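Notes to accompany the following structure.
The values are calculated or read from the model by the stated rules, or taken from the named source; none is laboratory data. All of these numbers come straight from a predicted model, not from anything done at the bench. Neighbour counts run over all protein chains shown; Cβ positions are idealised from the backbone, glycine included. Quick note on the areas: whole protein, heavy atoms, side chains included, nothing else; ligands and nucleic acids left out. Shrake-Rupley method; radii C 1.70, N 1.55, O 1.52, S 1.80 Å.
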Amino acid sequence: MKHLVVYAHPHPESFNHSIMETFVQSLENKGHEVVVRDLYALDFQPVLKPEDTATMKSGHIPDDIKTEQEFITQSDVITFIYPIWWAGLPAIIKGYVDRVFSYGYAYAYGEKGIIQLLKGKKGLIINTHGAPKEMYDKIGMTAGLKITSDVGIFNFTGIEPIDHLLFGNVSEHLEESVLKEMLKQIDERINSIF
């Protein structure tokens, strides 16, 4: 299968970067083709500007958006890897969705409502957050994050969500053994899904 990994974390030494590396290695070990789009390394411009929408309405796609859309078009599975900040997506990945998952590419409207233009693709999300997982589960944050991304982004555009892994209590003070166990869980989950 062809996998697109959309990765968003500003620090190369972050645990999210380790997650991304583990994820990619697990897939490549099974013979999958993987492309990583590191949004910070690409210096991806996340702000949807008036000239973007004007250009798209005239039938032209800005080059940076077109490049990302081509990667999505060529993929079977799209995976987002990012930390949860302030109860949601970091601005750079939210901006990626705003600009790349555009009207006419990812979805459209028809006589019967929403037309999902990315059907046939599968989606996976891996998140970290600093709060304990039990707290997020108890206050409904885990469920809210899944609805926002799995339903609000993936389902809306026709991408079938196949999993959403959330790792809580992640900080620079977490023991190495705990972090390694989380990476092991990712490797095992990837091997069971793919």
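Pull out all pairs, ordered by first then second residue, where Cβ-Cβ is under 8 Å, the residues are six or more apart or on different chains, the first lies in region 31-55 and is among the acidic types (Asp, Glu), and the second is open to solvent by 50 Å² or more (accessible area, probe 1.4 Å) and in a strand (DSSP E or B).
Here the result reads GLU33/LYS2, each pair linking region 31-55 to a residue that is open to solvent by 50 Å² or more (accessible area, probe 1.4 Å) and in a strand (DSSP E or B).
Test TYR136 against the stated conditions and say whether it is of a type in the set (Phe, Trp, Tyr), surrounded by 13 or more Cβ atoms within 10 Å (Cβ to Cβ), under 17 Å from the mean Cα position of the chain (by Cα) and within 24 Å of HIS11 (Cβ to Cβ).
no
Would region 98-105 turn up any residue that is among the acidic types (Asp, Glu), out of contact with any helix residue (DSSP H, G or I) (no Cβ under 8 Å at 6 or more places or on another chain), surrounded by 14 or more Cβ atoms within 10 Å (Cβ to Cβ) and farther than 26 Å from ILE190 by Cβ?
Checking region 98-105: at least one residue is among the acidic types (Asp, Glu), out of contact with any helix residue (DSSP H, G or I) (no Cβ under 8 Å at 6 or more places or on another chain), surrounded by 14 or more Cβ atoms within 10 Å (Cβ to Cβ) and farther than 26 Å from ILE190 by Cβ.
Please find, within region 149-184, the residue that is surrounded by the fewest Cβ atoms within 10 Å (Cβ to Cβ) out of those that are modelled with pLDDT of 95 or more and β-branched (Val, Ile, Thr).
Among residues in region 149-184 that are modelled with pLDDT of 95 or more and β-branched (Val, Ile, Thr), the one surrounded by the fewest Cβ atoms within 10 Å (Cβ to Cβ) is VAL151.
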